[in-house]
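Working notes for the structure below.
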Amino acid sequence: MWLGFNKKNSNSTISENLLQGQAELAGRISQLAEYSVQEQNKIAVAINEQRLGMLKIIDEKLLEVTKSVGEGLQQNANKTSETLTDLRERLAKIDVAQQKISSLSEQVVSLQEVLSNKQARGAFGEIQLNDLVSSILPPNAYEFQVVLSNTKRADCVLRLPNPPGTIVIDAKFPLESYHALRNASGEREKIEAERFFRASVLKHIKDISEKYIINGETAESALMFLPSEAIYAELHANFTDVVENSYRAKVWIVSPTTLMATLNTVRAVLKDARMREQAGVIQKEVGTLIEDINRLDGRIDNLARHFKQANEDVEGIKISAGKIGRRIQKIEDIELGEVSNYSAVAQLANDE
């Protein structure tokens, strides 16, 4: 019975210990739960604060990125606008250049048509000659399309004083023979082209020498105007015999450049001639001026003599006036009885 009782007491104690342990465990679990809730709340607050901070930072970064992107887009837009503006200007310039090229092409085609026609080619040379002459010389120094005494019409004449007198300029353009010379390929073809070119230029030289050098009417020489520097250079480089022939015929071959130099020399000659003409007039005027100066000197001498005579007359008048004044004073003295009558009369006699 005692053992049974002890056993009963032992079981009761174990149950109480278990209950107490369970109670303590429950309390600890409750504390852990509360602590866990607090820690979770702290973690949640920290996470929330960190999230807000991150959101703020992200917002600021987004604003900076947005601002930077906006500025970049604006700069790109401005650059794009400037580039488009430059592109439009360049396109406009290209359009203008294209129009000029088109116009130039038309002019080249027109020039080729002119040069392909012999009569039009001659008119082209005459127009170029007219432009050069009229741009350098005064209007009274030249004349175009003049009919000479032999009924030949000259393209241009230069009115110069004698010597040399009137000089005729005739425009010639041997373009066909020159093109044949330039386009010759074989040796035989080149020889034929050179013969053709030489014959063409020599014929022009002969025509000018026979038509436009007239004794007593024109100068002893004339000018042949070639409106092409290329033909002029070819002639002087490879056809010196033709140039020498022109010298013997007294026909001077000129190009636009050399004609310009010649016309400037002519202008200087005309200016010198005008100065010589005016020199006689100036000399005559100077002689007349000297006569006027001599006449003026004579009149000045006469006037000086008149002034001298007038001064002498004025001095005489002053002397006479002084004498009259003294006589009046003496007469007054006699009337007042300040001097004796005898002495007064003696003084009047002395004054006479």
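The values are calculated or read from the model by the stated rules, or taken from the named source; none is laboratory data. Just so we're clear, the structure is a prediction, and the values are computed from it rather than from any experiment. In this analysis, Cβ positions are derived from the backbone assuming ideal geometry, glycine residues included, and neighbour counts consider all displayed protein chains. Just the protein is used for accessible areas: all its heavy atoms, side chains included, with ligands, DNA and RNA removed. Shrake-Rupley method; radii C 1.70, N 1.55, O 1.52, S 1.80 Å.
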Checklist outcome for this item: By residue number, the members of the stretch 127-145 that are more than 30 Å from the chain's Cα centre (by Cα) and open to solvent by 50 Å² or more (accessible area, probe 1.4 Å) are ASN140, GLU143, PHE144, GLN145
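Please pick out the residue among ALA237, ALA233 that is at negative phi, loosely packed, with under 10 Cβ neighbours inside 10 Å and among the small types (Gly, Ala, Ser). First the steps, then the outcome.
Details: ALA233 fails: loosely packed, with under 10 Cβ neighbours inside 10 Å.
Every option except ALA237 fails the conditions.
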Item to check | Given (1) surrounded by 18 or more Cβ atoms within 10 Å (Cβ to Cβ); (2) at positive phi, index of the condition LYS250 fails | outcome: (1)
Checklist entry - Of all residues in the stretch 177-197, how many are assigned to a loop (DSSP other than H, G, I, E, B) and touching a Leu at 6+ places or on another chain (Cβ under 9 Å)? => result 0
Checklist entry - If the Cβ limit is 7 Å and pairs must be 6+ apart or interchain, which residue in the stretch 146-157 that is open to solvent by 80 Å² or more (accessible area, probe 1.4 Å) pairs with which residue that is part of a loop (DSSP other than H, G, I, E, B)? => result SER149/ILE214; SER149/GLU217
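Confirm whether SER200 is part of a helix (DSSP H, G or I), under 21 Å from PRO164 (Cβ atoms) and open to solvent by less than 80 Å² (accessible area, probe 1.4 Å). Steps first, answer last, please.
On the way: part of a helix (DSSP H, G or I): yes; under 21 Å from PRO164 (Cβ atoms): no; open to solvent by less than 80 Å² (accessible area, probe 1.4 Å): yes.
So SER200 fails the test.
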Checklist entry - Considering the stretch 203-230 alone, what residues qualify as being open to solvent by 20 Å² or more (accessible area, probe 1.4 Å), under 25 Å from THR151 (Cβ atoms) and not hydroxyl-bearing (Ser, Thr, Tyr)? => result LYS203, HIS204, LYS206, ASP207, GLU210, LYS211, ILE213, ILE214, ASN215, GLY216, GLU217, GLU220
